[in-house]
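Q: Below you will find the structure I want to go over with you.
The values are calculated or read from the model by the stated rules, or taken from the named source; none is laboratory data. Source: prediction; values computed, not measured. Because the Cβ atoms are built from the backbone with ideal geometry, glycine has one as well, and the counts that use them run over all protein chains shown.
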Amino acid sequence: MAWTGRLILAVAMVLVINHGSAIAQSDETQSAVPFEPLRIPGGQLGTPLSGVLTIQPERLFAESAFGKRITQELEAEGAVLTAENRRVEAELRAEELELTERRSSMEPEAFRALADAFDEKVQETRRTQVQKLREINQMRENARREFFAASLPVLQGILLDSGAGAILDHASVFLSAESADVTELAISRIDAVLGDGASLEDAPTDQ
């Protein structure tokens, strides 16, 4: 009974894996796209409303066309992994039940050898599924890095148009005027330049 409980626990660990989801990085620079002049409430083009602007990086990525595409792709990858985890769990539970039923008709040494082999199989399966989850999470991190690298020229353009001295992470600013947040403006400009970012995957990279 102790052996069976140990295996059930090990099998259950396989489903602990939650679905998380590859974007090749590109050094291609984006061509200039004409924009309407920057209008910040209370300020004029080239005259900063304040010395700094703020931006919300998570919202910038999540609400951009690029970020939405990546989220959809990774959710699809995660759904596949979740279905695979359930299938694997069912197979392991069936194998465990069969092995348990054979226990009474086997020599202890022979049963122990099979039990140890099954236990190793469970652990190896868990390691494999965890690695797949890590790969999905790494895809997201790679996509985020690519997104922000490709967005940098657009953000620099906003900084230049506003006449401000810096763009800071909104979360790190203790207090700022609402009009200093340029996240929505940045999303619209980035979407105009990058679209959903799919074209970056096929862009040539420097060797």
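Q: Of the residues that make up the stretch 83-101, is at least one within 30 Å of ASP196 (Cα to Cα) and loosely packed, with under 14 Cβ neighbours inside 10 Å?
A: The first filter runs over the stretch 83-101 and keeps only residues within 30 Å of ASP196 (Cα to Cα), leaving 83-84.
Add one more test, that the residue is loosely packed, with under 14 Cβ neighbours inside 10 Å, and what stays is 83.
Yes, there is a match, as at least one residue in the stretch 83-101 is within 30 Å of ASP196 (Cα to Cα) and loosely packed, with under 14 Cβ neighbours inside 10 Å.
Q: Looking at (1) buried (at least 17 other Cβ atoms within 10 Å of the Cβ); (2) touching a strand residue (DSSP E or B) at 6+ places or on another chain (Cβ under 8 Å); (3) not charged (D, E, K, R), which is the only condition ILE136 fails?
A: (2)
Q: Moving on. Looking at this structure, is ALA149 small (Gly, Ala, Ser), over 14 Å from LEU53 (Cβ atoms) and surrounded by 13 or more Cβ atoms within 10 Å (Cβ to Cβ)? Outline the logic, then answer.
A: On the way: small (Gly, Ala, Ser): yes; over 14 Å from LEU53 (Cβ atoms): yes; surrounded by 13 or more Cβ atoms within 10 Å (Cβ to Cβ): yes.
Judged against the criteria, ALA149 is a match.
Q: Sticking with this structure for a sec: Can you pull out the residues in the stretch 157-175 that are over 17 Å from SER64 (Cβ atoms), assigned to a helix (DSSP H, G or I), at pLDDT 90 or above and within 27 Å of the chain's Cα centre (by Cα)?
A: Residue satisfying the conditions is ALA171 alone.
Q: Test SER179 against the criterion of being buried (at least 17 other Cβ atoms within 10 Å of the Cβ) and modelled with pLDDT under 95, and give yes or no.
A: Numbers: buried (at least 17 other Cβ atoms within 10 Å of the Cβ): no; modelled with pLDDT under 95: yes.
The answer is no for SER179.
Q: Being among the hydrophobic types (A, V, I, L, M, F, W, C), surrounded by fewer than 13 Cβ atoms within 10 Å (Cβ to Cβ) and more than 29 Å from the chain's Cα centre (by Cα) is the requirement here; does ALA113 meet it?
A: Answer is yes for this residue.
Q: Looking at the stretch 182-207, which of the residues that are of a type in the set (Gly, Ala, Ser) and in a loop (DSSP other than H, G, I, E, B) is modelled with the highest pLDDT?
A: Kept after step one, since they are of a type in the set (Gly, Ala, Ser), are these residues of the stretch 182-207: 186, 188, 192, 195, 197-199, 203.
Add one more test, that the residue is in a loop (DSSP other than H, G, I, E, B), and what stays is 195, 197, 203.
Details: GLY195: 94, GLY197: 91, ALA203: 55.
Among residues in the stretch 182-207 that are of a type in the set (Gly, Ala, Ser) and in a loop (DSSP other than H, G, I, E, B), the one modelled with the highest pLDDT is GLY195.
Q: Does the stretch 58-70 contain at least one residue that is surrounded by fewer than 13 Cβ atoms within 10 Å (Cβ to Cβ) and either over 30 Å from LEU160 (Cβ atoms) or touching a Phe, Trp or Tyr at 6+ places or on another chain (Cβ under 6 Å) (or both)? Steps first, answer last, please.
A: Residues of the stretch 58-70 surrounded by fewer than 13 Cβ atoms within 10 Å (Cβ to Cβ): none.
No, the conditions are met nowhere in the stretch 58-70.
Q: Of the residues that make up the stretch 136-144, is at least one under 30 Å from HIS170 (Cα atoms), of a type in the set (Gly, Ala, Ser), assigned to a helix (DSSP H, G or I) and within 23 Å of the chain's Cα centre (by Cα)?
A: Within the stretch 136-144 (the criterion being under 30 Å from HIS170 (Cα atoms), of a type in the set (Gly, Ala, Ser), assigned to a helix (DSSP H, G or I) and within 23 Å of the chain's Cα centre (by Cα)), the answer is yes, since at least one residue qualifies.
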